[in-house]
Amino acid sequence: MKKFLLPNAAAIFTFAAAFLLLFPPSLADDDDISNCFTPGKCNPFRPPPSDDGRTRKRIIIGVCSGVGALLLTFLVLIICYRRRQLRRKRSHMLPYVQRSIPSNQSNPPNPSSVKENENGNTYLGVHLFTYKELEEATNHFDSNKELGDGGFGTVYYGLLKDGRAVAVKRLFESNFKRVEQFMNEVEILARLRHRNLVLLYGCTSRSSRELLLVYEYVPNGTVADHLHGKLAKPGKLPWSTRMKIAIETASALVYLHASEIIHRDVKTNNILLDNNYCVKVADFGLSRLFPLDVTHVSTAPQGTPGYVDPEYHQCYQLSDKSDVFSFGVVLVELISSMPAVDITRHRQEINLFNMAINKIQSRTLHEFVDPSLGFESDYKIQDMITSVAELAFRCLQSIKDERPTMMEVLDTLNIIQKPNTEKATDRDADISDDAVLLKNGYGSSPSSISVSWVSSNTSTATNETISS
């Protein structure tokens, strides 16, 4: 009902202004009017005195008011039209989004159709917990139950009264910015259901003593923990598992982009693993809604050092290709088992993506790969790692238009995972296509790059180069 009030009010305002313009008030002054009510003093044949420019002022005011009302009406109509177009585009993407939802999950609630109800037990369709029950679930936020400590809050292990194990995220401060991030994460996760996205069980009310988010508990740590953290052990994360992690993470990001959402903080610390090493992408505090009909969103750069898109950092233009760049960093972490940022490395290699590009361009990939993966002893693993490195190289291009989409990344990873003989046939057929994708200054095709990397490890390198 509200969306029709503004146009109607503007129309009434325009009509009133036009009426004043066509039928201005009487030009007689106050004395003449009062004299008409005094016997013998009213002279109907007396010419009206000068109005000292008041008529002109009234006309100017009437015209300006009418024009202003017309502009306001036009602006409201444009806003209504853009919202209708956006809803239409979202409805076109709905079939793909629904295919990404597991069969055992219900359709995600649409925040626009769910009324806020903090007086009851839901908010945007998400269950509202009381501070007291979450305090009890975490044993008064016992430090021994801490699961992790991020930039926005501490995560604790908890056990609800119904027996569910949960991860409770406790935001550091309850200032305006934290409330905004809190609401943003709830709104985004309330509308999403995907097997590779962490599930939001609920939250506290915005007026609660503290802002708390309640997620499903994912028991096996993060990808960062297994690659170069507290759970890292040589050989514990074989290449086949790393490929599985890459594909499932890419699948989650494809779903997000189809749902008009940019994660904006893709990193190995935000990729959780269950006991079967299945991926659960987490932490949507920085995520942004991204309409499909725009190329970018101008916003101040946010994210984690080492993963932030250089073009986003320099030009303040966020796009879905920003997630592609961050995912490229995740790929080179899976290949090397090195952290994204390490100040003990050479100055030009503090950022892992710079180190990866240098190794690729110098044909020394074997120096970059985690030795426990069997790169030098297993030809099939060598071939797959080389292909993933090629893909990461494309994702890490400094210009966003030279990067693939997440859908193209996922398709490429699925092709790489095929049996080696089948993949080799596909690659021979697709050399020309891949060569086009690696143009713009990088003249060699993927197959020639692969030969160069292998030969640098076994014999003299060929003369082929990648120009920058």
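Just so you know, all these numbers are worked out from the coordinates, no wet-lab data involved. Since this is a predicted model, take the numbers as computed values, not measurements. Every residue, glycine among them, receives a Cβ derived from its backbone with ideal geometry; neighbour counts consider all protein chains shown.
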Open item on the list: Can you give the local net charge around N220? Use residues other than it whose beta-carbon is closer than 10 angstrom to its beta-carbon, Lys and Arg +1, Asp and Glu -1.
Closed with: -1
- [ ] Mind sorting T386, T222 by how few other Cβ atoms lie within 10 Å of their own Cβ, fewest first?
- [x] T222, T386
TODO: Count charges around V63 for me, please; just the other residues with Cβ under 12 Å from its Cβ, Lys/Arg as +1, Asp/Glu as -1.
DONE: +3
TODO: Based on other C-beta atoms within 10 Å, arrange I79, I360, I350 from fewest to most.
DONE: I79, I350, I360
- [ ] Quickly work out the C278-to-L70 label distance, labels modelled 7 Å from Cα along the C-beta direction, and quote it in nm with one decimal.
- [x] 6.2 nm
Task: Pairwise FRET efficiency - R83 versus K57, Cβ, R0 = 51 Å, nearest 0.05 - done: 0.85
Open item on the list: Going through the cross-link list K244/K400; K233/K267; K132/K267; K267/K321, which pairs have a Cα-Cα distance over 24 Å in this structure?
Closed with: K244/K400; K132/K267
TODO: Enumerate the amide H contacts of G148 below 5 Å, restricted to partners 5 or more residues apart or on another chain; note that Pro and chain-start residues carry no placed amide H.
DONE: V155
Open item on the list: How would I385, I416, I343 line up from fewest to most surrounding beta-carbon atoms within 10 angstrom?
Closed with: I343, I416, I385
Open item on the list: Please list, in order along the range 269-277, the HN-Hα scalar couplings obtained from phi with the Karplus expression 6.51 cos²θ - 1.76 cosθ + 1.60 (θ = phi - 60°), rounded to whole Hz, x for Gly and Pro.
Closed with: 6, 9, 10, 8, 10, 8, 5, 9, 6
Open item on the list: With +1 on the Cβ of every Lys and Arg and -1 on the Cβ of every Asp and Glu, and nothing else charged, how large is the dipole of the range 121-216 about its Cα centre, in debye rounded to the nearest 20?
Closed with: 260 debye
- [ ] State the extension gain, in nm to one decimal, for the chain segment bounded by H140 and C315, taking 0.36 nm per residue of separation less the distance between their alpha-carbons.
- [x] 58.6 nm
Open item on the list: Treating the range 121-216 as a set of equal point scatterers at the Cα positions, no solvent, please give the Debye-formula log₁₀ I(q)/I(0) at q = 0.12, 0.14, 0.20 Å⁻¹.
Closed with: -0.33, -0.46, -0.99
Task: In sequence order, calculated HN-Hα J values of the range 359-371 (Karplus, 6.51, -1.76, 1.60; Hz; x Gly/Pro) - done: 5, 5, 5, 8, 6, 10, 4, 4, 7, 9, 6, 4, x
Open item on the list: Using 0.36 nm times the number of residues separating K233 and E210, minus their current alpha carbon distance, what extension gain do you get?
Closed with: 4.5 nm
TODO: Would you mind checking which residues have amide H under 5 Å from L171's amide H? H placed 1.01 Å from N; only 5 or more apart, or other chain.
DONE: L211, L213
